[in-house]
1. Return one quarter of the surface area of the convex hull spanned by the alpha-carbon atoms of chain B, equal to its mean projected area, in nm².
2. What number, rounded to the nearest 500 deg cm²/dmol, is the helix-based mean residue ellipticity at 222 nm of chain B, given -39500 (n - 2.57) per DSSP H run of at least four residues and division by all its residues?
3. Just checking the protein assembly as shown: which Cys have no other cysteine's beta-carbon under 4.7 Å?
4. Mind jotting down the distance between the C-alpha centroids of the range A:251-323 and the range B:38-63, whole Å?
5. For the pair A:Leu58/B:Glu93, report the inter-label distance in nm, with labels modelled 7 Å from Cα in the Cβ direction.
6. Can you give the FRET efficiency to the nearest 0.05 for A:Glu70 and B:Asn220, using r as the Cβ-Cβ distance and R₀ = 56 Å?
7. When the accessible area of the protein assembly as shown is computed with all protein chains present and a 1.4 Å probe, what percentage of it is carbon and sulfur?
8. Could you list, bin by bin from short to long, the percent of Cα-Cα pairs of the range A:335-419 in 10 Å steps?
Amino acid sequence: MLFNSLDFAVFLPIVFVLYWFVTQKNLKLQNALLVIASYVFYGWWDWRFLFLIVFSSLLDYSIGVLLYKEESLSKRKLLLWVSILVNLGFLGFFKYYNFFVENFVEAFSLFGQKISKNTLNIILPVGISFYTFQTLSYTIDVYKKKLEPTKDLISFLAFVSFFPQLVAGPIERATNLLPQFYKKRVFHYSKAVDGCRQILWGFFKKIVIADNCAHYANQIFNNSGEYSGSTLLLGAVFFTFQIYCDFSGYSDIAIGTSRLFGFTLKQNFAFPYFSRDIAEFWRRWHISLSTWFRDYLYIPLGGSRGGTLMKIRNTFIIFLVSGFWHGANWTFIIWGFLNALYFLPLLLAKKNRTHLNVVAQDTMLPNFKALFSMLLTFGLTVFAWIFFRAESLAHALNYIKGVFSKSLLSLPSIRPTNLIVLVVFFICIEWLGRRQKYAIETLLLKRHRALRWSFYMVLIVLIFVFSSNIEQEFIYFQF
Amino acid sequence: MKRFLIHIILFAILFFIVDRAFCFFIQNAPKKEYDKRLQYIIDGEMNKDIIILGSSRGANNVVAKQIEDSTGFSTYNLSYRGSDVSFHKFLLESVLKFNKQPKKVMLVLDSGYEFNDVPTLNFRFDRLYPLKNYSYINNKLIEDKKQNRLSKMFCLARIKQKDFNLKANKVLPINVMTSHGSKINSQKGDATLVYGNGYKPYEIDKENLSKINDLEAIQNICKENEIELIFVFPPNFKSFDGSFYERFSSLIKKENRIMIYDTMDVRYTDSKYFRDESHLNKKGAEIFTNEMIQFINSK
């Protein structure tokens, strides 16, 4: 089920009413309702893959219980590896099987060996990359004794399948989300209103900015050979806003929906395009995934504690894996590689933690240095996104060649004025709200309700007027 | 919770009021159009004995008023430039739904590519958008995924950016509303046109099955409603496409008639009667319409 669908518009109020009015008095029943609702939400897309989630949940639940009982280190290790191998095995099969087969065959063809391609017509189960990482973090935390395993199966099933964040994150840690299922949730007016506000902003980002940017980005990327350098650059900028608004919009809707049910999820995006260097960008972009890789991959590998070579190795590993996590295509790997290249100089110069505060923390506008740094970081990001969006490496390279041609200085042949005005409006609102968890969290809160509601109404009108005829999927569903 | 629900309800009421206010733009949209043929159909003002369906070849080549004057049958040309057989089927269904049924339907064919997916022949959704204040049209747009399902409930979901422009559309030099729907071109013949004699075999594998089905549906509708259906082959500035005719004949039911232009008439090989290789000018259209009148009267 898509957030931006009529189905969800009906589904959400039904679950809300059942949750707060029917099952409110019984915590177990309330959690069971969430499990059922989550399975309906997921099964709406393809019910067959529900078995995968249930299996994965039961496996990690059982391993968690066994890990708690088991004292022997070797047996505990074995249990951990079973969980890792099974979870990553599913992920590898559904997401990477064809990629490996194709590359294996191509590699052998270089040596004159002809092997027939046995690729399979595999459907990627929506959200598998997200819930796999969520369950893995549970098992690893239990193994490391950072977390006591749950004995409450219903709570665990609800934790793995919690519908607001099931298919595209944020990837929640058991330490944060699971305990929230143990406690009775109390309805708070301010929490619920805040949730609604964040949902509204998420829809605005997704429907008004992302979907409309997608229209032009697709047109330009799909026919890149026909456009001037300036138009190609505009296409890359549109994609830059598309991917951000699509994914952070989803996260906003997910976090806002969770708040309606009394849950608090972690912030997933913190205005990454206002970053002053790539290290700051990665602290602000897809935070739940970045911190996952940091805690479960980078730090176990040694992090930045070792010598220079180890730092370089670990940086490349984490960025390449991050790229590969996004999809089975060399374009994603190169995207990760580029980000590693951007990041390394900062790490080696020990300047990767220079910008820990918010840009222009105490002022309305940034100073020249901060503005220049932001624009430079944004430019580097736009460049990297070209690889992310391109169909293949050749496509990306031709696209870049097209951008850096003489026609870069000409006027773009595609100039959607309305969209450009909306993007500027969006940037202004994001800038105003950059100190909050999401842009409109406190916007106009101290003003009269009439003014605030008028602003929300304007957002709703824009959502309707700029909405597409059909419900557009979120980009991160494919990951 | 009570406070939250009250605020949600209040906000919903406010939204409802704002939504109703935006209905103005939807209701104003049809007024901006000068081509009101589809609106007349839905308003039940298209009660004609003969209707002509087709693409620009129907609009340019058939003088509806001439047919009306000569046969005594009230006639209207519902041909839309660039429209395909699926759109013709939709028009016919709409006429039957809201109007008295016609006695005859003349479907002007695009010889050679009537059933192909070509960029020049489409379902003219652009003609439907201005009329989305009609539920019938809105439902059709939803059915074809050209409109969000929410538009059934909210005016705001029907509005697009274009609707905020309140200016009326410019009337084109040839106003179909003053010529019984026909779009007759007075332009002089193009002397540079070269008559095409080549033979090109018809390629069945390029057909779109849904267009074949729509042709069959048109035939079924006419049969069920006892409407005489006449398929019309107008002239091109090239020799008759026998290959397409052969394929077409295999698709039509025996009760329907086919009218082919007089392939022996040398005037159809003279460029002065043509605007371009696929469309006649006024003189050519009058000649061809005369042929149609004779065909109608022949039964």
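The values are calculated or read from the model by the stated rules, or taken from the named source; none is laboratory data. What you see is a predicted model; the values in this text were computed from it and never measured. No Cβ is skipped: glycine too gets one built from the backbone with ideal geometry, and neighbour counts run over all protein chains shown. Side chains are part of the model used for accessible areas, which takes the heavy atoms of the whole protein and leaves out ligands, DNA and RNA. Shrake-Rupley method; radii C 1.70, N 1.55, O 1.52, S 1.80 Å.
1. In nm², the orientation-averaged hull projection of chain B is 18.7.
2. Helices in chain B give a 222 nm mean residue ellipticity of -11500 deg cm²/dmol.
3. Isolated Cys, the protein assembly as shown: A:Cys196, A:Cys213, A:Cys245, A:Cys428, B:Cys222.
4. 63
5. In this crude label model, A:Leu58 to B:Glu93 measures out at 4.7 nm.
6. Computed FRET efficiency for A:Glu70 and B:Asn220: 0.20.
7. In the protein assembly as shown, the share of accessible area belonging to carbon and sulfur is 61 percent.
8. Values per bin, smallest distances first: 13, 31, 34, 20, 2.
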